[in-house]
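Okay, structure first, notes after.
Here, each number is a calculation from the coordinates, and none is a lab measurement. Predicted model only: the values in this text are computed from it and were never measured. Here Cβ is always computed from backbone atoms with ideal geometry, including for glycine, and neighbour counts include all displayed protein chains.
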Protein chains: 4
Amino acid sequence: MSKISKIGVLTSGGDAPGMNPCIRAVVRTAIFNGLQVVGIKQGYKGMIENDMYEMGTRSVSNILNLGGTILKTARCLPFRTDEGMETAYQNIKAQGIDGLVVIGGDGTFTGALRFSQKYPDISVIGVPGTIDNDLYGSTYTLGFDTATNTVIEAIDKIRDTADSHDRLFFVEVMGRDSGAIALRAGISCGAEAILLPEKSTAMEDLIAHLKNGAINKKSSSIVIVAEGDKTGGIYDLAKAVQQEITHYDIKVTVLGHLQRGGAPSSFDRVLGSRLGFAAVNALISGQSQKMVGLEANHIKLTPLEEALSHHDFKLESDLLQMMDILAI
Amino acid sequence: MSKISKIGVLTSGGDAPGMNPCIRAVVRTAIFNGLQVVGIKQGYKGMIENDMYEMGTRSVSNILNLGGTILKTARCLPFRTDEGMETAYQNIKAQGIDGLVVIGGDGTFTGALRFSQKYPDISVIGVPGTIDNDLYGSTYTLGFDTATNTVIEAIDKIRDTADSHDRLFFVEVMGRDSGAIALRAGISCGAEAILLPEKSTAMEDLIAHLKNGAINKKSSSIVIVAEGDKTGGIYDLAKAVQQEITHYDIKVTVLGHLQRGGAPSSFDRVLGSRLGFAAVNALISGQSQKMVGLEANHIKLTPLEEALSHHDFKLESDLLQMMDILAI
Amino acid sequence: MSKISKIGVLTSGGDAPGMNPCIRAVVRTAIFNGLQVVGIKQGYKGMIENDMYEMGTRSVSNILNLGGTILKTARCLPFRTDEGMETAYQNIKAQGIDGLVVIGGDGTFTGALRFSQKYPDISVIGVPGTIDNDLYGSTYTLGFDTATNTVIEAIDKIRDTADSHDRLFFVEVMGRDSGAIALRAGISCGAEAILLPEKSTAMEDLIAHLKNGAINKKSSSIVIVAEGDKTGGIYDLAKAVQQEITHYDIKVTVLGHLQRGGAPSSFDRVLGSRLGFAAVNALISGQSQKMVGLEANHIKLTPLEEALSHHDFKLESDLLQMMDILAI
Amino acid sequence: MSKISKIGVLTSGGDAPGMNPCIRAVVRTAIFNGLQVVGIKQGYKGMIENDMYEMGTRSVSNILNLGGTILKTARCLPFRTDEGMETAYQNIKAQGIDGLVVIGGDGTFTGALRFSQKYPDISVIGVPGTIDNDLYGSTYTLGFDTATNTVIEAIDKIRDTADSHDRLFFVEVMGRDSGAIALRAGISCGAEAILLPEKSTAMEDLIAHLKNGAINKKSSSIVIVAEGDKTGGIYDLAKAVQQEITHYDIKVTVLGHLQRGGAPSSFDRVLGSRLGFAAVNALISGQSQKMVGLEANHIKLTPLEEALSHHDFKLESDLLQMMDILAI
């Protein structure tokens, strides 16, 4: 185990609220422990393009409540090549960096693992940062709680107008491979139906279910559709349902990128702080190629290799059951 | 002038935050003055279908902070026919209603004026309720302030993610004929460009302007497009700009119906209360076929006929000037 | 095991956001399973005063996003007497109630346990509802997440004015016996110091710590004080510190009851729904004298006797460590 | 009229949301017009202590949505002395500043007027920035709208818990000399009574009024008390009422400094932008010793001398009437 002396920190992939609190925790925990810290801009791109800067305790003042990431993030295809990795390695060696904290999702971890396998003198710790909550090894990922709150605030507003007009709304929320936001937001807002990538819904069942709601004299209905739902695009879906259910006026809203932003919730500020704190402590104690996560309210380290090999998350089974029962 | 004894109140057209505070003020001001009040459901439809109910002071408890309208709203084609009007008239006469407060926009007022001209024993007062702020006779209409705040909260969130990725966002906001929301939201969020129905923008100018922003090293840019903008649909617009400005990743968000809902702002609660209070007082003092509005922080009555004949609102000229200057 | 046919549901103790989603889940899960449900008003008081009403699926429409509790809550001294309990028992027997879901804290559970021990034909399940997060058997209690978010939104605002004036603020948050809100809010807002009932802080240490912050050129400082902190009342504390640190203008804010209200967060809506769903399922499966909780993201049943015998919660040790490190 | 070439901008007195948008507008409007801009820190203190810095368009990036003031603010007794003023004058002359935009309230304007009378080669324009809305010459002052929204969001939360417990809350809001926030917040939240500095309320009347509310079967009551109310401190008031109204549990909340902070509302962002834009244009066109204000939705210039001589604002008479009527 080589002792760490200088940590590089970066955010990569889609931005998520809670990344800034995490960066802050990394920087301050490192400095508290006598280490130096370098902020790497735009993820792996900053490593390759040598876009980095020394960070002090004041570099991270007043960022706890900011959405997004002060280090910025970007996709970086060159990092997938040997040449790109080599350039990145030379640049961070020149800076004296011997430990990396990478905040992001699957793609970020894949890059980090390959990099550290190729250059084992650089220790790497991953922090799960994605609003989609679809990483193995942590019950919650950074940004998921804030994004879900953003979604329910939007849907609460849509419900106001839906109720006033006796309308049926189809609302698309983020989640290309994961229905986590859709499921929690749906339970939170009393959605009449929730369409998830993990669970196929037959159009007839959806229509039967919505007709049943109408019979129960609901003044409005909300159907939440995760981006990655397989039933069909939300616009086609709405059109098909409109043909069967004519007494409701059907409208579509695609929430889009507003789901990524906003001041992080307390949950995400605390989670980001804990994970950043744990990531630096893991590096100091000689760990590498691990992801820090939160399970059962305790920090847990999972080998990146293991984290990356699991793609079969299960949505909470009680939530799936409640989905149909609570909207009666 | 016939003395009023029983007031019917309805909301019609698109719902707007502030309608509930207005209904509450109508009900309580009427009761305070010894009048009775009847709530008419779904606008003119409730008059025709006889869907009404007696309201007391407790009928409007705890609604000040609710978006939408507890009386619901709907479009009503039959009210445009003589038969529809006659049925409506018979129904409200049977209820003993001799004064109407109608909360809505242009279409609502047109119906109210025709109705009262046909049946002059029913006095009518209009209250400007539309988020678009495009009615003559009131500097602000109910819901405009709340909707603009909803828009800027969404755009502040989008800015977080735009900044993190160096992206350019096109954001569509409500306003089919009016750029009022787009203009205020654009000034409020520091939009790089604002496309309004009232002002044609050449594509070349937009592109030149955005390229200039890039030169100024902005990390992100927001372009706000009012629904009714004539430059072309927001998706085509974004595509055309992407071809010219390749170093930014361009994204589109259509905010949609979430703009209508939400707890009314203090401004809209106070405005709704003032206008509802004034509407009942106007009926009591023998007025009819007028709209109550707020100008220079005072209540003003405008004949509906006059209000309906003005369609040439001017957006504030200083705001139009600032549009380009402040985003440099 | 007697089969349950009619469930009574009540909220007792301090209100907490998430109680309404929980009531909704209890009602709808019961009805879905063919049971009847009775809402008991004002906790045990409603049992004694026979203030109850039959609830249907529509009784709980549109309450997911409401703070407080539609069933109301109250303290009830008579329920601590044998006569009070007997009256309560007669009343609910007359209603045909054979299962109770009681939502509240320690005091609520103590009453429920005694009642069910005395009248074992009434099955009882407790749901942890208190913003203080100080119950054994559930990592999170209903309302804690929302209250913490409310606190950080308030402190983010206070930070704005503190920064503008170079001020030091002492902010008191709820928590008579528990520092859970104070600790999480403090980490979330970057508080310079957090005073907790669980951990005594010497005045000299606090002053030394704050002086150190000043040396680090912070423009403002926030000290969070839990209600139950033993160092001395917040006003005396502020006065004592002001005498030692004269270059800051010290201000005190006591957040008070606004911490209890507000629309529940997604976390609390989901938690309330899960716990309510689980409580009814527990009754159906013949359980009694248990508390439903959430641990490691799974429902867990804990005997009320056991839950009530633990008073030695530990605040998360990593959070306690981070408290001093992250505010450097 | 001397042509202006370099503008100094400062904020003074209590901070108010909207100051940052105003600073941004001053800076960018000046630069757009070929002028230079200097930011003066901490109000007049920065003039005396020579704490200033050159500002460019990027100095005010991303501040539209920040509460407080990036220029900071402070009280400055030395500026009231001739020596202080002379030092300030020498410092800004050395910087080449010939125009000042001062954002603040009465005290700020008094200083600015005296300064400009003494040194007429420095043109001064005042911008009304105070949450209290008590300046002559502008219907709205910067920060008033945001502060009122902050207050009603807090009171909406308090109402949740008040309703759940059948409680009566006394809530103190800011306003030492002005009841503007109290009055608007009271109308917005349906307060049962509003105590204002401008209007004395006899204790017997208050108690009679509250007893009447109880008779009307309200489940909760909110009494809003402006800081400057003359009936007695809020704690004594609550105690006196509790003795007369025993069936309610009375609680007190003093909202305090959270009322000053927070992201400015759209209204305040637009207002700040308009006033900042107008202030620079006024300087350019040779004006001095004036305040820019907004009346009837248009910019208006008022001589500072005139603005300072009016202390008899009238709260809106319809709001005062509605105060009692709408809470029945």
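Please find, in a Gaussian network model of chain B (springs between Cα atoms separated by less than 10 Å), the residue of B:Thr201, B:Thr81, B:Thr110 whose mean-square fluctuation is greatest.
B:Thr81
For region A:163-200 and region C:48-70, what is the separation of their Cα centres, given in Å?
With region A:163-200 and region C:48-70 each reduced to a Cα centre, they are spaced 25 Å.
If each DSSP helix of 4+ residues adds -39,500 (n - 2.57) and the sum is divided by the residues in the protein assembly as shown, what number results at 222 nm, nearest 500 deg cm²/dmol? Could you put the intermediate results ahead of the total?
Details: 44 runs with 544 residues, N = 1312.
Taken over the protein assembly as shown, the calculation gives -13000 deg cm²/dmol.
Would you mind computing the Rg to Rh ratio of the protein assembly as shown from its alpha-carbon coordinates, Kirkwood style for Rh?
Looking at the protein assembly as shown, the ratio lands at 0.95.
I want to make sure I understand the PRE zone here: with the label point 7 angstrom from the Cα of A:Asn212 toward its beta carbon, which residues in region A:314-328 have backbone N atoms less than 19 Å away?
Of the residues in region A:314-328, A:318-328 have backbone N under 19 Å from the label point off A:Asn212.
Given an 8 Å cut-off on Cα distances and at least 6 residues of separation, report the relative contact order of chain A as a percent. Mind dumping the intermediate values first?
Values: 734 pairs, mean separation 79.1, N = 328.
With pairs under 8 Å counted, the relative contact order is 24 percent.
Roughly what would the spin-label model give for A:Gln90 and B:Arg176, points 7 Å off Cα along C-beta, in nm?
6.2 nm
So what is the relative contact order of region C:145-260, in percent, for Cα pairs below 8 Å that sit 6 or more residues apart?
39 percent
Can you compute 3J(HN,Hα) from phi for each residue in region D:77-82, using the Karplus curve 6.51 cos²θ - 1.76 cosθ + 1.60 with θ = phi - 60°, rounded to whole Hz and x for Gly and Pro?
Once rounded to whole Hz, the list reads 5, x, 5, 7, 9, 5.
Based on DSSP, what percent of beta bridges with both residues in the protein assembly as shown are antiparallel, to the nearest 5?
25 percent
So which residue of C has the beta-carbon closest to the axis that swings C onto A, and how many whole Å away?
Of all Cβ atoms in chain C, the one nearest the axis gives C:Ala296, 2.
What is region A:220-328's relative contact order, in percent, from Cα pairs under 8 angstrom and six or more apart in sequence? List each step's numbers first, then the result.
Numbers: 41 pairs, mean separation 12.6, N = 109.
Worked out over region A:220-328, it gives 12 percent.
Checking the cross-link filter: which lysines have an alpha carbon closer than 18 Å to that of B:Lys3, excluding same-chain neighbours under 8 positions apart?
Result set, ordered by chain and number: B:Lys93, B:Lys290.
Quickly work out the D:Leu77-to-D:Asp324 label distance, labels modelled 7 Å from Cα along the C-beta direction, and quote it in nm with one decimal.
4.5 nm
Read phi for every residue in region A:84-90 and hand back ³J(HN,Hα) as whole Hz from Karplus 6.51 cos²θ - 1.76 cosθ + 1.60, θ = phi - 60°, with x for Gly and Pro.
3J(HN,Hα) across region A:84-90, in whole Hz: x, 4, 5, 4, 4, 4, 4.
Per residue of D:54-64, count partner chain C-beta atoms within 10 Å of its C-beta, then hand back the mean as an integer.
Mean partner-chain Cβ count within 10 Å for D:54-64: 3.
Net charge within 11 Å of D:Arg75 by Cβ-Cβ distance, Lys/Arg positive one each and Asp/Glu negative one each, not counting D:Arg75 itself?
Result for the neighbourhood of D:Arg75: +1.
If the convex hull of the alpha-carbon atoms of region D:145-260 is projected onto planes in all directions, what is the mean projected area in square nanometres?
With the hull built on Cα positions only, its mean projection is 6.2 nm².
Using only Cα atoms, tell me the angle between helix A:106-118 and the longest principal axis of chain A; keep it within 0 to 90° and round to the nearest 10.
The angle comes out at about 20 degrees.
Apply the Karplus parameterisation 6.51 cos²θ - 1.76 cosθ + 1.60, with θ equal to phi minus 60°, to every residue of region A:263-278 and state each ³J(HN,Hα) to the nearest whole Hz, in sequence, with x for glycine and proline.
Along region A:263-278, the couplings run 4, x, 5, 4, 4, 6, 5, 5, 4, x, 5, 5, 5, x, 4, 5 Hz.
If one computes P(r) from the Cα atoms of chain A, what percent of pairs lie at distances over 36 Å?
Considering chain A, 27 percent of its Cα-Cα pairs are separated by more than 36 Å.
Would you mind counting up the charge near C:Val60? Only other residues with Cβ under 10 Å from its Cβ, with Lys and Arg at +1 and Asp and Glu at -1.
+3
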